[in-house]
Amino acid sequence: MNAPESLPPELPSFDNSFAALPPAFYTRLNPTPLPAPYVVGVSDQVAELLGLPAGFVASRQFADIFAGNALLPGSEPLAAVYSGHQFGVWAGQLGDGRAHLLGGLRNAHGHWEIQLKGAGRTPYSRGADGRAVLRSSIREFLCSEAMAGLGVPTTRALCVIGADLPVRRESIETAAVVTRIAPSFVRFGSFEHWASRDRDAEVRQLADYLIDTFRPQCRAATNPYDALLRDVSTRTGELMAHWMAVGFMHGVMNTDNMSILGLTLDYGPFGFMEAFDAGHICNHSDSHGRYTYRNQPHVGQWNLYCLADAFLPLLKSPEISKAAVDETYGDAFAATFERLMCAKLGLRQALPDDEAFIGKTFGFLQQHRPDFTLFFRALSKLPAAVDSENREKTDSPLRDLIVDRSACDAWLDNWRARLAQTPWPDEERQAAMLAVNPKYVLRNWLAEKAIRQAQNKDFSEVGRLLACLRRPYDEQPEYAEYAALPPDWASGLEVSCSS
């Protein structure tokens with residue numbers, strides 16, 4: 001596979017740090033070409049992060065390169081090996097079964113690795129075809145960028161490239177490749193792989209690589225590996241809090257889907273909470289409900305314990321490994337979650353009783369099942385005080401989401417009483433609340449609408465959704481229909497691991 005001709009000279013050069021690890025960490029191989037590729041969607045923000053010139057993004061070579069048909073100069077494609085626990089059960093060796101890491105680059109915006117997902121079979125495909133389908137690729141592309149717009153730590157997505165190549169899933173679909181970027185795609189399972197094989201040298205090499213490349217501050221600690229595990233635990237706790245605060249459900253929190261850098265990784269059967277139910281299962285394949293909304297913080301800690309076990313060759317003591325998680329994760333989650341929820345509720349300053357009030361709020365949501373996103377958005381616009389004569393009209397945007405109006409009034413009384421404890425001018429408070437309570441999230445029915453149009457070669461909805469979701473806190477009246485309650489036809493949508 002050769003580099004394409006006539007590439008612009010200002011393309012960034014590769015800095016392939018992961019490829020500098022010993023060969024045991026990966027298999028070098030080129031992507032499998034995709035016939036007659038075409039561009040489905042591009043994130044100009046990610047193109048800018050990578051330093052790609054606008055002319056290149058609009059060029060004919062762009063689709064070929066990010067379909068895996070041609071290589072950029074300096075690219076060293078590889079598929080990484082890792083293992084992991086899936087649905088709480090040790091699954092053994094896994095690895096990049098349909099992903100090819102093209103290489104990394106370093107620029108003013110940071111260190112970025114570029115990976116093609118769906119670019120053909122690898123030694124880790126376990127008998128699968130190594131392809132992704134248009135449906136799942138659009139979902140990952142849009143949700144990666146939507147989460148970035150929400151301010152949630154995440155991998156990003158540059159583009160989706162489609163083709164008419166048939167791929168069999170539950171039915172015959174067409175192939176696609178999504179290009180995603182992150183500082184690193186190393187996972188919890190990357191460490192589990194070597195620890196499970198008693199390969200202590202590789203565990204140490206991987207930890208040293210991460211410290212030297214991404215967490216140099218850990219090197220100054222008394223025990224750099226303990227510092228690294230504590231860093232991962234803290235960032236994972238913060239990530240779980242962000243997920244819960246925006247109503248995001250990952251759907252398949254296996255240890256091989258957990259980023260060592262605390263990023264949202266591997267978008268598959270995800271969902272955003274609509275009618276609130278803490279026990280909601282967004283993944284149709286999750287028959288036992290392991291990855292419900294309410295379980296995510298607990299699973300995050302369980303996954304960290306798996307990582308802590310993999311760090312035993314470095315820390316030598318199960319007590320030290322476990323302490324690195326126990327002394328960081330819970331506090332990071334609790335502090336971040338309370339901070340985010342206080343902001344969502346418009347509480348100017350934290351008070352000792354806020355944790356209890358937040359808990360009562362979630363109890364209210366669970367009992368009355370309003371749409372999670374619409375509830376907090378409507379709340380953001382309400383005044384801190386209201387007279388009884390005008391109350392029904394003033395509070396109607398929120399009351400209309402709750403069947404039991406008297407229960408809604410009682411909760412609002414408690415909310416207003418709490419606001420009065422730390423007074424804040426309405427205009428300032430409402431602006432602050434609107435800046436943290438999104439109007440738009442990637443609801444499954446919105447993604448499905450874009451997918452159905454794209455399957456008919458109409459990619460306009462992909463672009464329109466992307467434009468909206470990158471500014472989820474703005475009113476954007478031109479996209480008002482995206483903030484509506486799900487239509488009746490969306491009630492039958494199911495998302496599984498094949499997505």
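Starting from region 300-324, take each residue that is in the same structural domain as residue 241 (by TED's automatic domain parsing) and list its partners that are small (Gly, Ala, Ser) and part of a loop (DSSP other than H, G, I, E, B), counting only C-beta distances under 8 angstrom and pairs at least six apart or across chains.
Pairs that qualify, where the first residue is in the same structural domain as residue 241 (by TED's automatic domain parsing) and the partner is small (Gly, Ala, Ser) and part of a loop (DSSP other than H, G, I, E, B), are 302/88.
Looking at 304, 351, 365, which is the one that is more than 25 Å from residue 275 (Cβ to Cβ), aliphatic (A, V, I, L, M), modelled with pLDDT of 95 or more and in a helix (DSSP H, G or I)?
304
Just to be sure, is residue 424 in a loop (DSSP other than H, G, I, E, B), surrounded by 13 or more Cβ atoms within 10 Å (Cβ to Cβ) and either at pLDDT 95 or above or under 34 Å from the mean Cα position of the chain (by Cα) (or both)?
Yes, satisfied.
Out of 443, 416, 429, which single residue is surrounded by 14 or more Cβ atoms within 10 Å (Cβ to Cβ), at pLDDT 95 or above, under 22 Å from the mean Cα position of the chain (by Cα) and at negative phi?
443
Just for region 209-237: of the residues that are acidic (Asp, Glu) and surrounded by fewer than 20 Cβ atoms within 10 Å (Cβ to Cβ), which one is farthest from residue 25 (Cα to Cα)?
The selected residue is 226.
From 460, 396, 498, which residue is at pLDDT 95 or above, over 22 Å from residue 42 (Cβ atoms), surrounded by fewer than 19 Cβ atoms within 10 Å (Cβ to Cβ) and not charged (D, E, K, R)?
Exactly one residue qualifies, and that residue is 396.
So which residues in region 410-430 are out of contact with any Ser or Thr (no Cβ under 9 Å at 6 or more places or on another chain) and of a type in the set (A, V, I, L, M, F, W, C), if there are any at all?
Within region 410-430, 410, 412, 417, 419, 420, 424 qualify.
So which residues in region 254-270 are farther than 15 Å from residue 155 by Cβ and modelled with pLDDT of 95 or more?
Selection gives 254, 255.
Residues in region 434-457: is at least one farther than 20 Å from residue 247 by Cβ, of a type in the set (Asp, Glu) and either touching an Asp or Glu at 6+ places or on another chain (Cβ under 9 Å) or not assigned by TED's automatic domain parsing to the domain that holds residue 354 (or both)?
Within region 434-457 (the criterion being farther than 20 Å from residue 247 by Cβ, of a type in the set (Asp, Glu) and either touching an Asp or Glu at 6+ places or on another chain (Cβ under 9 Å) or not assigned by TED's automatic domain parsing to the domain that holds residue 354 (or both)), the answer is no, since none of the residues qualifies.
What about residue 108, is it out of contact with any helix residue (DSSP H, G or I) (no Cβ under 8 Å at 6 or more places or on another chain), modelled with pLDDT under 95 and within 30 Å of residue 306 (Cα to Cα)?
Spelling it out, it is not the case that residue 108 is out of contact with any helix residue (DSSP H, G or I) (no Cβ under 8 Å at 6 or more places or on another chain), modelled with pLDDT under 95 and within 30 Å of residue 306 (Cα to Cα).
For (1) among the polar types (S, T, N, Q); (2) in contact (Cβ under 8 Å) with a residue 24 or more places away in the chain; (3) not in a helix (DSSP H, G or I), each residue gets a yes or a no:
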site: 381; (1), (2), (3): no, yes, yes
site: 403; (1), (2), (3): no, yes, yes
site: 406; (1), (2), (3): yes, no, no
site: 429; (1), (2), (3): no, yes, no
site: 446; (1), (2), (3): no, yes, no
site: 465; (1), (2), (3): no, yes, no
site: 473; (1), (2), (3): no, yes, yes
site: 481; (1), (2), (3): no, no, no
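What are the pairs, 6+ residues apart or on separate chains, where a residue within region 35-54 that is under 22 Å from residue 139 (Cβ atoms) and free of Cβ contacts under 8 Å to residues at least 40 places away in the same chain has its Cβ under 9 Å from a residue that is surrounded by fewer than 17 Cβ atoms within 10 Å (Cβ to Cβ) and of a type in the set (A, V, I, L, M)?
Filtered contacts from region 35-54: 44/54.
Would you point out the residue of region 278-305, among those that are polar (S, T, N, Q) and out of contact with any strand residue (DSSP E or B) (no Cβ under 9 Å at 6 or more places or on another chain), that is nearest to residue 252 (Cα to Cα)?
Only one residue tops the list, namely 285.
With 187, 139, 131 as the choices, which residue is over 30 Å from residue 298 (Cβ atoms), among the basic types (Lys, Arg), touching a residue at least 40 places away in the same chain (Cβ under 8 Å) and crowded, with 20+ Cβ neighbours inside 10 Å?
Exactly one residue qualifies, and that residue is 131.
Go through region 446-457 and report how many residues are crowded, with 20+ Cβ neighbours inside 10 Å and on the phi > 0 side of the Ramachandran plot.
Total satisfying the criteria: 0.
Which of the numbered conditions does residue 385 fail, given that it passes all the others? Conditions: (1) in contact with a helix residue (DSSP H, G or I) (Cβ under 8 Å, 6 or more places away or on another chain); (2) farther than 30 Å from residue 464 by Cα; (3) assigned to a helix (DSSP H, G or I); (4) free of Cβ contacts under 8 Å to residues at least 40 places away in the same chain.
If we test residue 385 against (1) in contact with a helix residue (DSSP H, G or I) (Cβ under 8 Å, 6 or more places away or on another chain); (2) farther than 30 Å from residue 464 by Cα; (3) assigned to a helix (DSSP H, G or I); (4) free of Cβ contacts under 8 Å to residues at least 40 places away in the same chain, just (3) comes out false.
Go through region 401-419 and give me each residue that's of a type in the set (Asp, Glu) and touching a Lys or Arg at 6+ places or on another chain (Cβ under 8 Å).
Residue satisfying the conditions is 409 alone.
So which residues in region 7-32 are farther than 17 Å from residue 115 by Cβ and surrounded by 15 or more Cβ atoms within 10 Å (Cβ to Cβ)?
7, 11
All but one of (1) in contact with a Lys or Arg (Cβ under 8 Å, 6 or more places away or on another chain); (2) crowded, with 18+ Cβ neighbours inside 10 Å hold for residue 251; which doesn't?
Exception for residue 251: condition (1).
Which of the residues spanning region 324-337 are surrounded by fewer than 17 Cβ atoms within 10 Å (Cβ to Cβ) and part of a helix (DSSP H, G or I)?
Those that are surrounded by fewer than 17 Cβ atoms within 10 Å (Cβ to Cβ) and part of a helix (DSSP H, G or I): 326, 330, 331, 334, 335.
In region 247-278, which residues are over 23 Å from residue 447 (Cα atoms) and assigned to a loop (DSSP other than H, G, I, E, B)?
Result: 254, 258, 260, 261, 262.
The values are calculated or read from the model by the stated rules, or taken from the named source; none is laboratory data. Please read these numbers as outputs of a predicted model, since none were measured by experiment. Don't worry about glycine lacking a Cβ; one is built from the backbone with ideal geometry, like all the others, and counts go over all protein chains shown.
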